[in-house]
Amino acid sequence: MTHDHPSSSATPIKAIILSAGQGRRLLPLTENTPKCLLPVADQPVLSRQIDALLTAGIDHITIITGFKADLIETLLQQRYAAHPDIKTRFNPFYEVADNLASCWIARDEMNGSFLLLNGDTVIESALLMKVLNSTPAAITLSVDYKNTYDADDMKVQLDTEGWVQQVSKIVPPHQVNAESIGLLYFREQGALLFRQSVEEALRHPAELKSWYLSIIDRLAKQHLVRACSVSGFRWCEIDFIEDLARAGIIFNL
């Protein structure tokens, strides 16, 4: 059985990075700077994500912007002018909607196979390669494990074969097996199903306040989402100021 891989798949794998939010929990650092441009070991979060993707052979990258979008565009012009397939899409709803709306803005990029990455998850390229070479499934959810999970963790329940049964912040403690790190891999069938689900969901105004993982949770009920463990690889989610210091230690190598 062959695995999808950036160098061997018929169409290049794309990446979508959701970076529209301000990151208010990081104020005052994000008063005039979007969360994705905060430095981790002297390099912006977004640059670390892009560099990891490029190293993994993925150079078709779409960044969904919102808050202070011009600063993100300037960074791309300064650092990635030689990569014409790295581009931005502006989400005008970033103040009033959650990241499901950013997925809607990116929906016409959701063909073939693609990675979806939260704009506040710093990752290393070796982690990406593990996910790209994971056991084939329509949708692959990257997960890690720890002893206890807090209220803010995106908690995951798995069955004994590694299929995701539910993913949300409110999975009951006795059902939690892992946490989502904010990186998904959609192979072709999964990409189509996810896009259709995003388009359907946003016909309902209440869904503006939804996270895209609410859709992944629904698709998991149809036995479509398999977990890929990234335990042992370097990653860090930047939600609070103390996370920046932790990420700096993890990535200061």
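See the values below:
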| item | result |
| --- | --- |
| Some residue of the range 15-27 being at pLDDT 95 or above, surrounded by fewer than 19 Cβ atoms within 10 Å (Cβ to Cβ) and either polar (S, T, N, Q) or under 22 Å from I181 (Cα atoms) (or both) | no |
| Matching residues, the range 11-38, being part of a loop (DSSP other than H, G, I, E, B) and under 14 Å from V122 (Cβ atoms) | G23, L38 |
| Count - residues of the range 165-192 that are within 17 Å of the chain's Cα centre (by Cα) and crowded, with 18+ Cβ neighbours inside 10 Å | 13 |
| Any hit, the range 67-85, residues being under 15 Å from the mean Cα position of the chain (by Cα), under 30 Å from D152 (Cα atoms) and among the aliphatic types (A, V, I, L, M) | no |
| Of all residues in the range 66-117 being surrounded by 15 or more Cβ atoms within 10 Å (Cβ to Cβ) and among the hydroxyl-bearing types (S, T, Y), the one that is modelled with the lowest pLDDT | Y94 |
| Flag for T88 being polar (S, T, N, Q) and in contact with a Cys (Cβ under 9 Å, 6 or more places away or on another chain) | no |
| Test result for Y212, modelled with pLDDT of 95 or more and either among the aromatic types (F, W, Y) or at positive phi (or both) | no |
| Filter result for the condition that a residue is in a loop (DSSP other than H, G, I, E, B) and farther than 19 Å from W211 by Cα, over A81, A52 | A81 |
| Selection status of A137, closer than 22 Å to I13 by Cβ, surrounded by fewer than 17 Cβ atoms within 10 Å (Cβ to Cβ), among the hydrophobic types (A, V, I, L, M, F, W, C) and modelled with pLDDT of 95 or more | no |
| Residue check for I63: among the aliphatic types (A, V, I, L, M), surrounded by fewer than 22 Cβ atoms within 10 Å (Cβ to Cβ) and either within 19 Å of the chain's Cα centre (by Cα) or modelled with pLDDT of 95 or more (or both) | no |
| Some residue of the range 195-216 being under 23 Å from L127 (Cα atoms), of a type in the set (D, E) and surrounded by 14 or more Cβ atoms within 10 Å (Cβ to Cβ) | no |
| Subset of the range 217-253 that is in a loop (DSSP other than H, G, I, E, B) and buried (at least 18 other Cβ atoms within 10 Å of the Cβ) - its residue that is farthest from the chain's Cα centre (by Cα) | L224 |
| Tabulated pairs, the range 208-228, first more than 23 Å from A101 (Cβ to Cβ), second of a type outside the set (S, T, Y) and surrounded by 21 or more Cβ atoms within 10 Å (Cβ to Cβ), C-beta under 6 angstrom, 6+ apart or interchain | R226/A137; A227/L141; A227/V143; A227/L158; A227/V164; C228/V131 |
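The rows are residues; the columns are (1) in contact (Cβ under 8 Å) with a residue 24 or more places away in the chain; (2) assigned to a helix (DSSP H, G or I); (3) in contact with a Cys (Cβ under 8 Å, 6 or more places away or on another chain).
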| residue | (1), (2), (3) |
| --- | --- |
| A137 | yes, no, no |
| L141 | yes, no, yes |
| N147 | no, no, no |
| D152 | yes, no, no |
| Q157 | no, no, no |
| E161 | no, no, no |
| V164 | yes, no, no |
| I170 | no, no, no |
| H174 | no, yes, no |
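Residue-wise test of (1) at pLDDT 95 or above; (2) touching a helix residue (DSSP H, G or I) at 6+ places or on another chain (Cβ under 7 Å); (3) polar (S, T, N, Q).
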| position | (1), (2), (3) |
| --- | --- |
| V164 | yes, yes, no |
| E199 | no, yes, no |
| I216 | yes, no, no |
| F233 | yes, yes, no |
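The values are calculated or read from the model by the stated rules, or taken from the named source; none is laboratory data. Just so you know, these numbers come straight off a predicted model, no measurement behind them. FYI the Cβ positions are ideal-geometry reconstructions off the backbone, even for glycines, and counts take in every protein chain you see.
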